[in-house]
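Peer 1: Right, I'll just put the structure down here and ask away after.
The values are calculated or read from the model by the stated rules, or taken from the named source; none is laboratory data. Note that the coordinates shown come from a computational prediction; the quantities given were computed from them, not determined experimentally. Positions of Cβ are backbone-derived with ideal geometry, glycine not excepted, and every protein chain shown enters the neighbour counts. Areas reflect the complete protein model, heavy atoms only, side chains present, ligands, DNA and RNA absent. Shrake-Rupley method; radii C 1.70, N 1.55, O 1.52, S 1.80 Å.
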There are 4 protein chains.
Amino acid sequence: MTATSTFYQAAQQLIAAGCFIDGKGWVPATSGNFSARLADGSIAITVSGKHKGYLQVDDIMLIDSEANSLDGKKPSAETGLHTALYRRFPDIHAVLHPHPLNAVLVSRLFGDEIVLENYELLKAFRGITTHACRVVIPIFANDQDISRLAAQADAYLDAHPDCQAYIIAGHGLYVWGVDVNEALRYLEAVDFLLACELALRLHRAV
Amino acid sequence: MTATSTFYQAAQQLIAAGCFIDGKGWVPATSGNFSARLADGSIAITVSGKHKGYLQVDDIMLIDSEANSLDGKKPSAETGLHTALYRRFPDIHAVLHPHPLNAVLVSRLFGDEIVLENYELLKAFRGITTHACRVVIPIFANDQDISRLAAQADAYLDAHPDCQAYIIAGHGLYVWGVDVNEALRYLEAVDFLLACELALRLHRAV
Amino acid sequence: MTATSTFYQAAQQLIAAGCFIDGKGWVPATSGNFSARLADGSIAITVSGKHKGYLQVDDIMLIDSEANSLDGKKPSAETGLHTALYRRFPDIHAVLHPHPLNAVLVSRLFGDEIVLENYELLKAFRGITTHACRVVIPIFANDQDISRLAAQADAYLDAHPDCQAYIIAGHGLYVWGVDVNEALRYLEAVDFLLACELALRLHRAV
Amino acid sequence: MTATSTFYQAAQQLIAAGCFIDGKGWVPATSGNFSARLADGSIAITVSGKHKGYLQVDDIMLIDSEANSLDGKKPSAETGLHTALYRRFPDIHAVLHPHPLNAVLVSRLFGDEIVLENYELLKAFRGITTHACRVVIPIFANDQDISRLAAQADAYLDAHPDCQAYIIAGHGLYVWGVDVNEALRYLEAVDFLLACELALRLHRAV
């Protein structure tokens, strides 16, 4: 397969992911960004300012592993969070960053992490084979300085290499996977479990 | 492009916006009205009494900047709120007025304004480049006297020229933008943030 | 138009109404029933036991004004509530009875009526021209004896001829209109307003 | 009809059921599994690891009544819960196991059962002809040892032969019926009633 056809295939996957994610209401307005790493190490990523539920091929650009544009389009500021994840995890090929309501609410109501325990759905994550486990999703402070935000994530991931998703407070969620489908699966699982924790928090508080 | 084709293009945009907005549940029954200003200053606007999720071209009429009918159809009473916004903001070309549940709830539970702070999604608004800001959406008392309601909005907008949306209590939301897509983007952003504030209010009160 | 084509037209409207209503989640399992009165006074009505989101023409039967089958199909027990409404209101031609979650919840949390005040959306009801009004929706005890239930509704409607909808406790909602579209409009409006009242009740109680 | 065409027909029903169930949000990520018993006693069942909203014929396998693979595909661990239900109830031909949010929440907030009373929708269940009844849905502790979990269910069903659904805590819901449509009907009814109970619990607690 040529580099060009690989890019178009990745772009089609990101477009389809955007339809799916927007159908859930997780990318209001023009929020969010999605990427896929190609076989040659370059990365297809959504340009900024487009509605992620109605992406077209022209709304996907190509960058190198250092977030430099390879096609003259201007990458969004948050691109640095994607490339930091690709550098850290050689086996991943997709990063999805939507803004789900549940992630935003959790970031305002829980402290610097949310702990998920005793859910069968935790088995959606790689390497987890029983509900009797404990998955922690960290919550980082939001920051318009992306390198500072990436450094915050890097410090956490250095200490917690098994982490499979993180929340940025008042902002959204980052998930990643070996391909777009795995990242989508994690996204669905995380959102469902955040919805559980929010509802349980309310019920238990009254 | 002829004046006629411009009208049909604007009508098609309003019809599509109606499908999108109804898909979110924001225009129950025959509530809401939408408009788009054409290049010649005339305004395409939905007639009253139609379901906004199932609009046809015949359900869009043409008025002048003073809300006088240009095609013999009868404009809805609320047309005066649209024309007041177009007179005030020369650069806007779309006004959307749906009745989202969240806007109605906020109007009953918050005072005369709702303050949105520290959300990444605030960057959906023009001129905002950081979550570390404060966006205020005013809440006006409902009034069947539209010129009195328009005067209420005008007084507020005179004092707050950066305001990009307002709520009418027990009624709905007004947003506007340079084009229909920008107004839709603001609408999605505002509804999402109102949903956040409502959920947080409940969680924090228990 | 022949009687047969009139029946098919009414059946198509009920089928479309079922799709719309099921899309909102208001007819779970095989709950609910819908009817339309034809020009000759006979009534097209859904048979029982079918999912209302997937109706076919064969799932609609024809009865006379006394709920007798005109085509050999067996009418559902609740048919008597439809015919009682058609007898009372000569101008109506559609009755919709879904089971929305909000109606069931309201019937458990409010007393024998729910009062809707100060909502712009109240103007969806015939004869209402301002939010500054008061619409009461009565809540009747559920009863498997349909003639007793019809008598309960009749007694209320005798005393409140302007009533445009009623709730049966733990069961669902009845709305009616001059045609299927008007009844659908009332249904959307009532459900929206019940959602408002339920959310406000919760917010105000905490 | 040949055994092969019967299998394909059952597979098509499970695929359609998956679309319906995923549309409700009841099978996040790759959770859930569905099966249908064929006339010869063999069982068509979803393989594990696939998203249940996007099933293809290849994602359905054939097992015998003891959960042995008949086509070389590897059955999921939970297959044993399906076969236990088929052995117990000779008249059922479908078992659906989704992971609805409401079932997970109920399992965390209610004890070892949830009691449903006084709902018209209870008539969705076979043999129930009035709202004035009491339906109990048991909640079992989750267990990765499926034979132990099946034994837990068996002990309960021995004592409660009329039970038509059960919940596994932090996990999901099992429903069964004479065919896929009946099981879907039960699923819609149970989820609706769990939603009622959860909302009422919150309202009554404040």
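Peer 1: When you look at residue C:141, is it of a type in the set (A, V, I, L, M), open to solvent by 70 Å² or more (accessible area, probe 1.4 Å) and under 19 Å from the mean Cα position of the chain (by Cα), yes or no?
Peer 2: Answer is no for this residue.
Peer 1: Next question, about the same structure. Go through (1) assigned to a helix (DSSP H, G or I); (2) more than 14 Å from chain B (Cβ to nearest Cβ); (3) touching a helix residue (DSSP H, G or I) at 6+ places or on another chain (Cβ under 8 Å) for residue A:18 and report which single condition fails.
Peer 2: Result: residue A:18 passes all but (3).
Peer 1: Here's a follow-up. Out of all the residues in the stretch C:196-206, which are away from chain D (no Cβ under 11 Å) and in contact (Cβ under 8 Å) with a residue 12 or more places away in the chain?
Peer 2: C:196, C:197
Peer 1: Can you report the number of residues in the stretch B:165-174 which are within 11 Å of another protein chain (Cβ to nearest Cβ) and either surrounded by fewer than 20 Cβ atoms within 10 Å (Cβ to Cβ) or closer than 13 Å to residue B:34 by Cα (or both)?
Peer 2: 1
Peer 1: Select from the stretch D:176-188 the residues that are under 21 Å from residue C:101 (Cα atoms) and open to solvent by less than 10 Å² (accessible area, probe 1.4 Å) and list them in ascending order.
Peer 2: D:183, D:186, D:187 - these are the residues of the stretch D:176-188 that are under 21 Å from residue C:101 (Cα atoms) and open to solvent by less than 10 Å² (accessible area, probe 1.4 Å).
Peer 1: Considering only residues that are open to solvent by 10 Å² or more (accessible area, probe 1.4 Å) and within 25 Å of residue A:129 (Cβ to Cβ), which ones fall in the stretch D:1-24?
Peer 2: D:22
Peer 1: Given the options D:175, D:115, name the one that is part of a strand (DSSP E or B) and free of Cβ contacts under 8 Å to residues at least 24 places away in the same chain.
Peer 2: D:115
Peer 1: To continue, here is another question. When you scan the stretch B:92-103, do you find a residue that is in contact with a helix residue (DSSP H, G or I) (Cβ under 8 Å, 6 or more places away or on another chain), under 20 Å from residue A:31 (Cα atoms) and part of a loop (DSSP other than H, G, I, E, B), even just one?
Peer 2: The answer is no, given that none of the residues of the stretch B:92-103 is in contact with a helix residue (DSSP H, G or I) (Cβ under 8 Å, 6 or more places away or on another chain), under 20 Å from residue A:31 (Cα atoms) and part of a loop (DSSP other than H, G, I, E, B).
Peer 1: Also, quick follow-up: Determine, yes or no, whether residue D:154 is open to solvent by 10 Å² or more (accessible area, probe 1.4 Å), at negative phi, more than 14 Å from chain A (Cβ to nearest Cβ) and out of contact with any Lys or Arg (no Cβ under 6 Å at 6 or more places or on another chain).
Peer 2: It is true that residue D:154 is open to solvent by 10 Å² or more (accessible area, probe 1.4 Å), at negative phi, more than 14 Å from chain A (Cβ to nearest Cβ) and out of contact with any Lys or Arg (no Cβ under 6 Å at 6 or more places or on another chain).
Peer 1: A further question follows. Given the condition part of a helix (DSSP H, G or I), open to solvent by less than 50 Å² (accessible area, probe 1.4 Å) and either free of Cβ contacts under 8 Å to residues at least 40 places away in the same chain or more than 30 Å from residue C:202 (Cα to Cα) (or both), answer yes or no: does some residue in the stretch C:47-69 qualify?
Peer 2: Checking the stretch C:47-69: at least one residue is part of a helix (DSSP H, G or I), open to solvent by less than 50 Å² (accessible area, probe 1.4 Å) and either free of Cβ contacts under 8 Å to residues at least 40 places away in the same chain or more than 30 Å from residue C:202 (Cα to Cα) (or both).
Peer 1: Which condition does residue A:86 not pass, out of (1) free of Cβ contacts under 8 Å to residues at least 40 places away in the same chain; (2) surrounded by 15 or more Cβ atoms within 10 Å (Cβ to Cβ), if it passes all the others?
Peer 2: (1)
Peer 1: To continue, here is another question. When only residues in the stretch D:101-115 that are under 12 Å from residue A:119 (Cα atoms) and not hydrophobic (A, V, I, L, M, F, W, C) count, which is nearest to the other protein chains (Cβ to nearest Cβ)?
Peer 2: Once the filter is applied, the top-ranked residue is D:108.
Peer 1: Applying the selection to the stretch D:120-136, what residues are part of a loop (DSSP other than H, G, I, E, B) and at negative phi?
Peer 2: D:125, D:126, D:128, D:129, D:130, D:131, D:132, D:133 - these are the residues of the stretch D:120-136 that are part of a loop (DSSP other than H, G, I, E, B) and at negative phi.
Peer 1: Further, regarding this structure: Scan the stretch D:25-39 for residues that are open to solvent by less than 10 Å² (accessible area, probe 1.4 Å) and away from every other protein chain (no Cβ under 14 Å) and jot them down.
Peer 2: If the condition is that a residue be open to solvent by less than 10 Å² (accessible area, probe 1.4 Å) and away from every other protein chain (no Cβ under 14 Å), then D:34, D:35, D:36 are the ones that fit.
Peer 1: For the stretch C:68-77, state whether one or more residues are at pLDDT below 95 and among the aliphatic types (A, V, I, L, M).
Peer 2: Yes.
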